[in-house]
Amino acid sequence: MKATAIAHTNIALIKYWGKRDENLILPANSSLSITLDKFYTETSVEWMEDAKNDLFSLNGQIKQDAKVAQFLKILRAELDIPYFAKIDSVNHVPTAAGLASSASAFAALAVAGSAALGRQDDLANLSRLARRGSGSAARSLFGGLSIWEKGSRLDGLDSYAVPFNSPLTEKMAVVVAVVSDAEKAVSSRDGMKSTVLTSPFFHEWIQTAEEDLRNIKSAFLSGKFVEVGEILEHNAMKMHATTLGAKPPFTYFSPASLTVMDEVRKLRDEGIPAYFTMDAGPNVKIICLRENEKMVSSRMQKLVKDVYICHAGEGAKVIQVD
Ligand code: DP6
């Protein structure tokens with residue numbers, strides 16, 4: 001009853017920001033992401049017939065983690081088993097990258113937890129399951145580009161991710177400019193909750209995010225990178241604008257994030273198509289073509305301490321069943 005799985009992190013190009021159901025983790029809008037090759041989580045789950053508690057270790061250290069504890073309850077209910085589990089999780093994310101992600105963590109946990117019972121769940125089912133741990137985890141089941149459909153059912157059965165193909169997937173690079181590895185002041189969970197409840201910009205965000213998704217899909221299908229870049233950058237800035245309207249207002253931008261954004265704009269002025277996006281932290285991810293990745297990376301290295309060049313990564317998979 002033991003299995004090990006890996007899942008890679010993903011970066012949203014059309015952001016998930018706001019829930020329509022907190023408990024089931026159902027999003028207010030659909031989102032689109034690219035799974036990264038460099039950063040992943042490896043997790044083994046062993047369901048133990050005799051154990052009296054769950055035991056979770058992260059990077060070799062025993063941890064109490066409320067989100068993991070809650071997710072294990074959900075896993076037991078969904079997989080219909082009474083057992084507690086021993087979980088060993090290792091984050092293969094450079095320690096200073098500040099990118100440790102709940103997306104790869106919950107995707108790996110869902111896949112390993114199900115495989116440990118010898119089940120052969122389909123990917124849609126695993127994506128739905130991973131979503132219950134952290135919304136963005138629904139997308140980490142898939143390699144390359146992935147779309148998490150918000151769905152409309154109250155029970156969330158139609159809210160899961162699907163893969164999305166584009167001639168651009170293998171041509172793109174994501175250059176991660178690490179501005180800070182400090183713990184986030186406002187978690188994405190709290191930040192989006194406060195935005196939904198208090199930001200007057202939230203309604204417009206949701207309206208325009210759906211339009212952005214339609215437009216980026218068609219730009220991806222026809223291989224128009226500049227259009228893709230313009231849409232993803234605008235989408236990220238609109239998401240971040242909602243936080244300034246929240247009460248109390250907050251932002252994930254740091255002065256260094258703004259400096260990196262300026263440099264990306266300069267690159268564009270010089271004719272290099274490069275576009276930025278940011279999540280619930282100050283690090284900036286620059287989306288460019290592989291042919292320009294070294295140039296973009298070297299410009300970023302002048303501004304920040306750590307820079308990583310990533311490409312499209314693989315979907316989640318089981319690597320061992322004992
Ligand atoms: C800004 O998936 O971490 O990265 O569902 O509450 O666990 P919870 O939130 P999470 O939020 C991710 C927010 C984001 C945008 C995105 O990845 O789409």
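Residue by residue, here is whether (1) under 20 Å from Ser102 (Cβ atoms); (2) open to solvent by less than 80 Å² (accessible area, probe 1.4 Å); (3) in contact with a strand residue (DSSP E or B) (Cβ under 6 Å, 6 or more places away or on another chain) holds:
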| site | (1), (2), (3) |
| --- | --- |
| Leu157 | no, no, no |
| Ala161 | yes, yes, yes |
| Asn165 | no, no, no |
| Val175 | no, yes, yes |
| Ser187 | yes, yes, no |
| Ser194 | yes, yes, no |
- [ ] Look at Leu197 and say whether it is out of contact with any helix residue (DSSP H, G or I) (no Cβ under 9 Å at 6 or more places or on another chain), within 16 Å of the ligand (Cβ to nearest atom), at pLDDT 95 or above and not β-branched (Val, Ile, Thr).
- [x] yes
Open item on the list: Quick check on Ala5: is it crowded, with 21+ Cβ neighbours inside 10 Å, closer than 29 Å to Val176 by Cα and more than 14 Å from the chain's Cα centre (by Cα)?
Closed with: yes
TODO: Consider Ala177 carefully, then state whether it is outside the structural domain of Glu78 (by TED's automatic domain parsing), over 16 Å from the mean Cα position of the chain (by Cα) and part of a strand (DSSP E or B).
DONE: yes
Open item on the list: Within the stretch 36-45, does at least one residue satisfy the condition of being of a type in the set (A, V, I, L, M), within 13 Å of the ligand (Cβ to nearest atom) and touching a Cys at 6+ places or on another chain (Cβ under 7 Å)?
Closed with: yes
Open item on the list: When you check Met295 against the structure, is it in contact with a His (Cβ under 7 Å, 6 or more places away or on another chain) and either open to solvent by 40 Å² or more (accessible area, probe 1.4 Å) or of a type in the set (A, V, I, L, M) (or both), yes or no?
Closed with: no
- [ ] Mind listing whichever residues of the stretch 100-138 are outside any helix (DSSP H, G or I), crowded, with 24+ Cβ neighbours inside 10 Å and more than 10 Å from the ligand (Cβ to nearest atom)?
- [x] Ala116
TODO: Within the stretch 255-281, work out how many residues are within 30 Å of Leu197 (Cβ to Cβ) and open to solvent by 30 Å² or more (accessible area, probe 1.4 Å).
DONE: 4
Open item on the list: Taking the conditions exactly as written (small (Gly, Ala, Ser) and free of Cβ contacts under 8 Å to residues at least 40 places away in the same chain), does Ala112 satisfy them or not?
Closed with: no
Task: The listed residue being closer than 27 Å to Gly118 by Cα and either in contact (Cβ under 8 Å) with a residue 24 or more places away in the chain or not assigned by TED's automatic domain parsing to the domain that holds Glu210 (or both), out of Ser44, Ser30 - done: Ser44
TODO: Sort out which residues of the stretch 55-74 are crowded, with 18+ Cβ neighbours inside 10 Å and either within 16 Å of the ligand (Cβ to nearest atom) or more than 20 Å from the chain's Cα centre (by Cα) (or both), and write them in order of number.
DONE: Phe56, Val68, Phe71, Leu72
Task: All positions within the stretch 211-235 that are out of contact with any strand residue (DSSP E or B) (no Cβ under 7 Å at 6 or more places or on another chain), assigned to a helix (DSSP H, G or I) and of a type in the set (Gly, Ala, Ser) - done: Ser218, Ala219
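The values are calculated or read from the model by the stated rules, or taken from the named source; none is laboratory data. The shown structure was predicted, so the numbers you read here are calculated from the model rather than taken from an experiment. Quick reminder, even Gly has a Cβ in these numbers, built from the backbone with ideal geometry, and neighbours come from all protein chains shown. Areas reflect the complete protein model, heavy atoms only, side chains present, ligands, DNA and RNA absent. Shrake-Rupley method; radii C 1.70, N 1.55, O 1.52, S 1.80 Å.
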